[in-house]
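The values are calculated or read from the model by the stated rules, or taken from the named source; none is laboratory data. Keep in mind that what you see is a predicted model, and the values were worked out from it rather than measured. No Cβ is skipped: glycine too gets one built from the backbone with ideal geometry, and neighbour counts run over all protein chains shown.
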Amino acid sequence: MAAKKKSTEVVKKTRVTPEELFEAGAHFGHMVKRWNPKMKKYIWGKKAGIHIFDLEKTVAKLDEACDALIKLAAEGKNIVLVGTKRQAKDIVKTAALENKIAYVTERWLGGIITNWKQVKTRIDKMLDLTKKREAGELKKYTKKEQILFDREIAKLEKFLGGLSDLKTAPEVLIIIDTHKERSAVREAKNRGLTIVGVVDTNSNPDGISYAVPMNDDATKAIEIVVKQFGKAVAEGRIKKSEE
């Protein structure tokens, strides 16, 4: 009798397990009455009036999104991480700084994509004023004028500081809570940008290139996926540098 042939199939290890996401509260959606029916395919069921995500699907979509980010980063695309909600902003900023990714953690300013030339002018002004202040070149102005310069720099830094390293317009957005960041989604879709987005049960996944369905309010869950996004971008850039 012939020996049974051993299977050579390799099972791909996921970056995050459903159990990890469950412990982080990623499975909780919004109240059933607040759902967007277009999210039905990602929902396992409901409990106590709350929709529950199918975390097996969440894991699969997270892997798909991270694989895409590796490829996009390896192609040298300008990637911007966006998360302005209270639960996400510190996590987003930390991951962005650790992995040298451009970011927006305050209000999304209209025109960052569609009117980049004007936005870049403001970024250049911020960088110029900051450089002059550090070199002591603003000390020739009155104290009142120096205070006004400080306020202007602070305002520009607050809204545009995370984009200061970008030379050209964003090409890829990673968005935490596509429902809240509707302005960024709309602007990106208008220009045909690739969007990686965390989508909750109240979100519209249409036009999101890589939707990751999960609770977008749970801090621990957000931290898990944002960390994976950051790692994926870093991995892609390493591949690019090795070419």
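Contact annotation: residue pairs with Cβ atoms under 8 Å, 6 or more positions apart or on different chains, pairing a residue in the range 76-105 that is of a type outside the set (Phe, Trp, Tyr) and surrounded by fewer than 18 Cβ atoms within 10 Å (Cβ to Cβ) with a partner that is at pLDDT below 95 and part of a helix (DSSP H, G or I), are Gly76/Lys240.
Each row is one residue, and each column tells you yes or no for (1) more than 24 Å from Thr94 (Cβ to Cβ); (2) of a type in the set (Val, Ile, Thr); (3) in the same structural domain as His27 (by TED's automatic domain parsing); (4) modelled with pLDDT of 95 or more.
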site: Asp200; (1), (2), (3), (4): no, no, yes, yes
site: Ser209; (1), (2), (3), (4): yes, no, yes, yes
site: Pro213; (1), (2), (3), (4): no, no, yes, yes
site: Thr219; (1), (2), (3), (4): no, yes, yes, yes
site: Glu223; (1), (2), (3), (4): no, no, yes, yes
site: Ala234; (1), (2), (3), (4): no, no, yes, yes
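Within the range 210-243, being buried (at least 17 other Cβ atoms within 10 Å of the Cβ) and in contact with a Gly (Cβ under 8 Å, 6 or more places away or on another chain) holds for Tyr210, Ala211, Val212, Asn215, Ala218, Ala221, Ile222, Val226. Restricting attention to the range 138-167, the residues that are touching a Phe, Trp or Tyr at 6+ places or on another chain (Cβ under 7 Å) and under 20 Å from Trp116 (Cα atoms) add up to 1. When His30 is tested against (1) part of a helix (DSSP H, G or I); (2) surrounded by 15 or more Cβ atoms within 10 Å (Cβ to Cβ), exactly one condition is not met: (1). Here Leu148, Leu156 are screened, and the one residue that is surrounded by fewer than 14 Cβ atoms within 10 Å (Cβ to Cβ), over 27 Å from Lys227 (Cβ atoms) and either assigned by TED's automatic domain parsing to the domain that holds Val104 or hydrophobic (A, V, I, L, M, F, W, C) (or both) is Leu148. Those helices (runs of 4 or more DSSP H) of the range 83-201 in which at least 1 residues are within 14 Å of the chain's Cα centre (by Cα) and hydrophobic (A, V, I, L, M, F, W, C), considering only elements entirely within it, cover 89-98, 182-190. Close Cβ contacts (under 8 Å, 6 or more residues apart or on different chains) running from residues in the range 13-36 that are in contact (Cβ under 8 Å) with a residue 40 or more places away in the chain and more than 16 Å from Ile224 (Cα to Cα) to residues that are of a type in the set (Asp, Glu) and buried (at least 19 other Cβ atoms within 10 Å of the Cβ) comprise Gly29/Asp200; His30/Asp200.
What is the residue count in the range 159-188 for residues that are within 19 Å of Glu134 (Cα to Cα) and surrounded by fewer than 18 Cβ atoms within 10 Å (Cβ to Cβ)? Total meeting the criteria: 2. Arg86: within 30 Å of Asp217 (Cβ to Cβ) and among the charged types (D, E, K, R), yes or no? Yes: the conditions hold for Arg86. What residue, of Thr94, Thr121, is of a type in the set (Ser, Thr, Tyr) and under 22 Å from Thr168 (Cβ atoms)? So the residue among Thr94, Thr121 that is of a type in the set (Ser, Thr, Tyr) and under 22 Å from Thr168 (Cβ atoms) is Thr121. The single condition from (1) of a type outside the set (Lys, Arg); (2) within 22 Å of Lys120 (Cα to Cα); (3) crowded, with 22+ Cβ neighbours inside 10 Å that Val196 fails is (2).
From the list Gly76, Gly45, the one residue that fits, being farther than 14 Å from Asp217 by Cβ, assigned to a loop (DSSP other than H, G, I, E, B) and assigned by TED's automatic domain parsing to the domain that holds Val196, is Gly76.
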